[in-house]
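J.: Handing you a structure now.
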Amino acid sequence: FVHCDGCSSRGEGIPNRFTATRSGTTGTLTITNAQVEDEAYYYCGSWNSADNVFTFGSGTQLTVSGQPTVSPSVQVFAPSQEEIRSPNPYTLVCLITGFYPPAFLV
């Protein structure tokens, strides 16, 4: 958690390389020399005191490049026999785990 109401507060354990700045209504989080442990989804939130509500953005995924890739494990789950007997199309479900980087196309 990095708070930017004056842009100087950080939650416990947040390193100094995380810096929040604000210019007018635009807030920015800068991570200097990002490290592997910084990989995460980061969300920006804004407090609206008139409505007494926090609003959050959809998030930004940070992936630190230069790490070794890891191939995924793939499990395919077949449809039930009942679904196969149905005249409707049936669905195969794939579970893909253990991969890096965390984004890919199937």
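What follows draws every value from the coordinates through simple rules; no lab data is involved. Quick caveat, the model's predicted, so the values are computed rather than measured. Cβ atoms come from the backbone with ideal geometry, glycine included; neighbour counts cover every protein chain shown.
J.: Using only alpha carbons, build the gyration tensor for the range 2-62 and give me the equivalent ellipsoid semi-axes, biggest first, whole Å.
T.: Largest first, the range 2-62 gives 22, 14, 11 Å.
J.: What do the square roots of 5 times the Cα gyration tensor eigenvalues come to for the chain, in whole Å, largest first, as semi-axes of the equivalent ellipsoid?
T.: Whole-Å semi-axes of the equivalent ellipsoid: 41, 22, 10.
J.: Right, another one. Assuming 0.36 nm per residue, please report the length gained on full extension of the stretch residue 81 to residue 52 beyond their Cα-Cα distance.
T.: Extending this stretch completely gives an extra 5.2 nm.
J.: With each run of n ≥ 4 DSSP H residues scored as -39500 (n - 2.57), what mean residue ellipticity at 222 nm is computed for the chain after dividing by its residue count and rounding to the nearest 500 deg cm²/dmol? Can you show the working numbers first?
T.: Numbers: 1 runs with 5 residues, N = 106.
Rounded to the nearest 500, the figure is -1000 deg cm²/dmol.
J.: At most 15 other Cβ atoms within 10 Å plus a DSSP loop assignment makes a site exposed; report the longest stretch of the chain without any exposed chymotrypsin sites (Phe, Trp or Tyr not before Pro).
T.: 44-89
J.: Also, quick follow-up: Would you kindly state how much longer the chain becomes between residue 34 and residue 16 on full extension, computed as 0.36 nm times their sequence separation minus their alpha carbon distance, in nm to one decimal?
T.: Details: separation 18, 0.36 × 18 = 6.48 nm, distance 1.14 nm.
Between residue 34 and residue 16, full extension yields 5.3 nm more.
J.: Do you know the relative contact order of the chain, to the nearest whole percent, from alpha carbon pairs under 8 angstrom that are 6+ apart?
T.: Dividing the mean separation by the residue count of the chain yields 16 percent.
J.: Can you tell which of 33, 48, 88 shows the greatest fluctuation in a Gaussian network model of the chain with Cα springs below 10 Å?
T.: 88
J.: When the dipole is taken about the Cα centre of the chain, and only Lys, Arg (+1) and Asp, Glu (-1) are charged at their Cβ, what size is it in debye, to the nearest 20? Don't skip to the answer; put the middle values down first.
T.: Numbers: 4 positive and 8 negative charges, 38 e Å.
For the chain, the charge dipole is close to 180 debye.
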